[in-house]
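> Dropping the structure in here first, questions after.
The values are calculated or read from the model by the stated rules, or taken from the named source; none is laboratory data. These figures come from a predicted structure and were not determined experimentally. Heads up, the Cβs are rebuilt from the backbone with ideal geometry, glycines too, and the neighbour counts pull from every protein chain shown. When the accessible area is computed, the model is the full protein with side chains, heavy atoms only, and any ligands, DNA or RNA have been set aside. Shrake-Rupley method; radii C 1.70, N 1.55, O 1.52, S 1.80 Å.
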Amino acid sequence: MLYPKTQRMTSKDMVWQVTEKLDGSNLTLFKLNGQLYFGTRNWVFNFDEDVKDSKDVDYKGLYDWLIDNKEELLAYLNDGEALFGEWLGMGNLKYEIPERFNLFAVGYIGFDQETGMYDVKTIKRKVDDIRAFMEWKEALYKFIAKVPFVAYLESLDKNKIDKVYDMYSNDVGRNVEGFVLVNLSTEDVVKYVRMKRGRLESFWKPEDIEW
């Protein structure tokens, strides 16, 4: 077949998963060749080879947290499995969430010998996928949480998203930075940010088109 068959649109094409965008620092934990690695937005570190003491880890509190939980991470993660999340405690917003590391995705990471680069093979952002992944590794829940689920939306309607933000902020009784929205069919990811540098602002710009 030279031209692939066009897929039929389903109800899932209209559904967006909404989770809270926590004011944290991007952190990835993964196991490769039996060793523990962690990645920030721009760097990847082998915990045993690249980290000598806490000064080698920029994220506040992360070094001691990894020391405390390294053995369980290695025991419960299979080779190549990765945890993607937010490390709390360095942003403008303060939380009473006890777990410092909050998952927004799970997946697999590999290493390309030719390029010398780490490669994300799979990343799953659906809350059901994260829940299913973690059910096999229940012990990790002692020190890892999931980002809070908010709602499912059938469209990116501006007024609806604003209303959900107001309702959710009121329900949790604290400042909320914003949302991350994932299309359950296409897996497109967009963000909606309302709290900037600790101040509440409108997300929409005057030139934004009507959806």
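> Name the residues in the range 51-65 that are among the charged types (D, E, K, R) and either open to solvent by less than 30 Å² (accessible area, probe 1.4 Å) or over 20 Å from the mean Cα position of the chain (by Cα) (or both), would you? Spell out the reasoning first.
To start, the set of residues in the range 51-65 that are among the charged types (D, E, K, R) comprises 52-53, 55-56, 58, 60, 64.
Across the range 51-65, the qualifying residues are LYS52, ASP53, LYS55, ASP56, ASP64.
> For residues in the range 154-193 being open to solvent by 70 Å² or more (accessible area, probe 1.4 Å) and polar (S, T, N, Q), which is modelled with the highest pLDDT?
Filtering first and then ranking leaves ASN170.
> For SER185, work out the one condition from (1) closer than 22 Å to VAL18 by Cβ; (2) out of contact with any helix residue (DSSP H, G or I) (no Cβ under 6 Å at 6 or more places or on another chain) it doesn't fulfil.
Evaluating SER185 over (1) closer than 22 Å to VAL18 by Cβ; (2) out of contact with any helix residue (DSSP H, G or I) (no Cβ under 6 Å at 6 or more places or on another chain) leaves (2) as the failure.
> Only one of (1) over 23 Å from GLU135 (Cα atoms); (2) open to solvent by 40 Å² or more (accessible area, probe 1.4 Å); (3) not polar (S, T, N, Q) fails for ASP23. Which number is that?
Result: ASP23 fails condition (2) only.
> Filter the strands (runs of 3 or more DSSP E) completely within the range 8-92 down to those with at least 2 residues that are not hydrophobic (A, V, I, L, M, F, W, C). Break it down stepwise before answering.
Working: elements: 16-21, 25-32, 35-39, 44-46, 81-87.
Of the strands (runs of 3 or more DSSP E) lying wholly inside the range 8-92, those with at least 2 residues that are not hydrophobic (A, V, I, L, M, F, W, C) span 16-21, 25-32, 35-39, 81-87.
> Looking at LEU74, LEU93, LEU62, can you tell me which residue is touching a residue at least 60 places away in the same chain (Cβ under 8 Å) and either under 13 Å from PHE38 (Cα atoms) or in contact with a strand residue (DSSP E or B) (Cβ under 7 Å, 6 or more places away or on another chain) (or both)? First the steps, then the outcome.
Working: LEU74 fails: touching a residue at least 60 places away in the same chain (Cβ under 8 Å); LEU62 fails: touching a residue at least 60 places away in the same chain (Cβ under 8 Å).
Residue meeting the stated conditions: LEU93.
> Can I ask one more? Any chance you could count how many residues in the range 117-152 are more than 26 Å from VAL172 (Cβ to Cβ), open to solvent by 40 Å² or more (accessible area, probe 1.4 Å) and not polar (S, T, N, Q)? Write out each step before concluding.
Going through the range 117-152, the residues more than 26 Å from VAL172 (Cβ to Cβ) turn out to be 117-123, 136-137, 139.
In the following step, the residues that additionally are open to solvent by 40 Å² or more (accessible area, probe 1.4 Å) were identified as 117-123, 136.
From what is left, the residues that are not polar (S, T, N, Q) are 117-121, 123, 136.
The number of residues fulfilling the criteria is 7.
> Take the range 98-116 and flag every residue that is hydrophobic (A, V, I, L, M, F, W, C) and closer than 18 Å to VAL180 by Cα. Give the steps one after another, and end with the answer.
Just the residues of the range 98-116 that are hydrophobic (A, V, I, L, M, F, W, C), to begin with: 101, 103-106, 109, 111.
Scanning the range 98-116 gives PHE101, LEU103, PHE104, ALA105, VAL106.
> How many of the residues in the range 19-55 are touching a residue at least 40 places away in the same chain (Cβ under 8 Å), more than 26 Å from PRO98 (Cα to Cα) and not polar (S, T, N, Q)?
2
> Of the residues that sit in the range 66-100 and are aromatic (Phe, Trp, Tyr) and open to solvent by 30 Å² or more (accessible area, probe 1.4 Å), which one is farthest from the chain's Cα centre (by Cα)? Let's see the steps before the verdict.
Here is the first cut: in the range 66-100, the residues aromatic (Phe, Trp, Tyr) are 76, 84, 87, 95.
Imposing the further condition that a residue be open to solvent by 30 Å² or more (accessible area, probe 1.4 Å) reduces the set to 76, 95.
Working: TYR76: 19, TYR95: 17 Å.
Selected residue: TYR76.
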